[in-house]
1. Considering only Ala267, Pro322, Ala293, whose Cα is most displaced toward the positive end of the charge dipole of segment 235-376, charges sitting on Cβ of Lys, Arg (+1) and Asp, Glu (-1)?
2. Charges only on Cβ, +1 for Lys and Arg, -1 for Asp and Glu: so what's the dipole of the chain about the Cα centre, in debye to the nearest 20?
3. Hey, got the dipole for segment 402-483? About the Cα centre, +1 on K and R Cβ, -1 on D and E Cβ, debye to the nearest 20?
4. Extension gain Ile384-Asn262, at 0.36 nm per residue separation less the Cα-Cα distance, in nm?
5. In Å², what does the accessible area per residue of the chain work out to with a 1.4 Å probe?
6. Name the residue from Ile482, Gln251, Ala433 whose Cα lies farthest towards the positive end of the charge dipole of the chain, charges +1 on Cβ of Lys and Arg and -1 on Cβ of Asp and Glu.
7. Could you pull out every one of the lysines with an alpha carbon less than 20 Å from that of Lys392, ignoring same-chain neighbours closer than 8 positions?
8. Give, rounded to the nearest 20 debye, the magnitude of the charge dipole that segment 238-355 has about its Cα centre when Lys and Arg contribute +1 at Cβ and Asp and Glu contribute -1 at Cβ.
Amino acid sequence: MKITRRGALFGASGLALAAAACSSGPRRPESEPPTGPFRHGVASGEPDQSSVVLWTAITDDSGGDYVFQVATDEAFENIVFEEREERTYVTSNAVSTFKTLATGLQPDRRYFFRMLHNNIASPVGRTRTLPAGPVERFNIAVCSCSNYPAGYFNAYRELADTPDLDLVLHLGDYLYEYAADGYASDDAERLDRVVDPRNELLTYGDYARRHALYKTDPDLQAAHAAAPWFISWDDHETANDSWSGGAENHQDDEGPWRDRVNNALRAFHDWNPTREPDDLIGGLRVVEVGDLATIAITESRLSVRDEPLDFSGFPISDDADPEDPANQRAVAEWRANEIGHEDREMLGADQIAQLAAAFAASNKPWRLIAGQVVMGRVEAPNMIEALPGWLKFLVSRTDPLAWGYLQRSQFDIPLNPDAWDGYVAERERLYDAVNAIGGNIVTFAGDSHTFWTNRLTDEAGDQIGFEFGTSAITSPSPFERIPAPGVSFPNIIEGGNPDVIRFNDRDKGFIRVVLTPQSMEVDFVTVSTIKRRGYTAGSDSRWRVEHGENGLELTPV
């Protein structure tokens, strides 16, 4: 892969808005927006044992000399990779993105990288290659769901400060497609975080401008410069609740769905350090961490996924009598025939087979799945029984959507059919495939904007492994919309679900994972606020996974 250049296809006015969309906070003052050519930072990604993808963007790109460098020292006295090109353009471009594959590197080594453009140096990033042999310790950060207008990316800043960080797994919703007055934008003007462009994203230029805006954020820049990333998309990189044939947030008058997907993914790859598949979508990615772990990163949205089910097809009215046997039978049939339909797919048979083959070939302590949505079995508790009368009265008068959900929760329904609970037959096929080669998996999930610790069990109740779900960088939890002082939704969710060990619906943050041959240490890292730049980091909970006589064992730390 030589140095590749892509124009971002937006004009100087859009660039000016993107570059200026940063504000200051009372405890961590922000520096002035950067000037010069490198206003979007640097990033590296998708390493293997001898190479890694390098990325940057250049503002007001009018040609000249471009040099990517990798060195073993921060002063760049020992340069081990250099890629140089000279280009002449007829017209300059407001922003161009550049990336290359740095090759010939040594396994399990930390490196520094930068770009020189006409003798001006970019910020310096840290990266590393994957190990090839014995590994005593490997540090991973797991994150998802960064909504720019919802608040400051303090969790990214804390992630960047992780000591000896080896790898970042971003599990999707890196950005959101909504217009400036859309989801989670109530505080956007006050925080000076109004999105660009202001319209919903449809074209390549729209998606590229939104990526450009995100890349101006200093906390995201710091996180990208700290370690190499593997980035998955979930739905919002294209549109809400996306699937292979469309999305909840894609309408007929917005053009062909595949055109929108191509626009979104072309921008995604242009603005991130990725190895680009020919069809832009690709499939399962397998990451080998020496003799320590195999990580399977799934593609769960755009290749084969069937349309997510929602409650628009619920077979009875929201206020139907939950004690009526006819209503109970109708809901049970709906759940069995619709949600439980054998043909419903999220990953598809080929991807499950590839995942099982990768794990079968891996005689390593840890088999990890980096997914996007929650895999554990989570039922909707009976909220009508669990919530106090005053809160039910308030919700019934002020929030019809939430009130309908509370009423439906009196029946046996899954909490979120867009997650694996909406694809139960394929989940069993995945579990069967994993069990056939020894089971004992640990999965990671994003999407839900909440922290989870789940026991993974099949329909027979046998343990398959454990799951850790990361909260959001900034995106709000579904329960945040319900003003409920004194009500503990975690107690309600955990109490109604034997497989849910920990649920946190309030804190924002990410997960730190420390892998050793003997154990996996998991820390749910929290930040005290996203509404100002000053914050305090904390820990919601810590967990240790070890291999026992009868499979994986989980203990709180």
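The values are calculated or read from the model by the stated rules, or taken from the named source; none is laboratory data. A quick note: this is a predicted structure, and the numbers were derived from the prediction, not measured. Note that we place each Cβ from the backbone using ideal geometry, even for glycine, and neighbour counts take in every protein chain shown. Please note that ligands, DNA and RNA were not included when accessible areas were found on the heavy atoms of the full protein model with its side chains. Shrake-Rupley method; radii C 1.70, N 1.55, O 1.52, S 1.80 Å.
1. Ala293
2. The dipole of the chain has a size of about 1940 debye.
3. 280
4. 39.5 nm is the gain from fully extending Ile384 to Asn262.
5. I get 38 Å² per residue for this part.
6. Result: Ile482, furthest along the dipole toward the positive end.
7. Result set, ordered by chain and number: empty.
8. The calculated dipole for segment 238-355 is roughly 560 debye.
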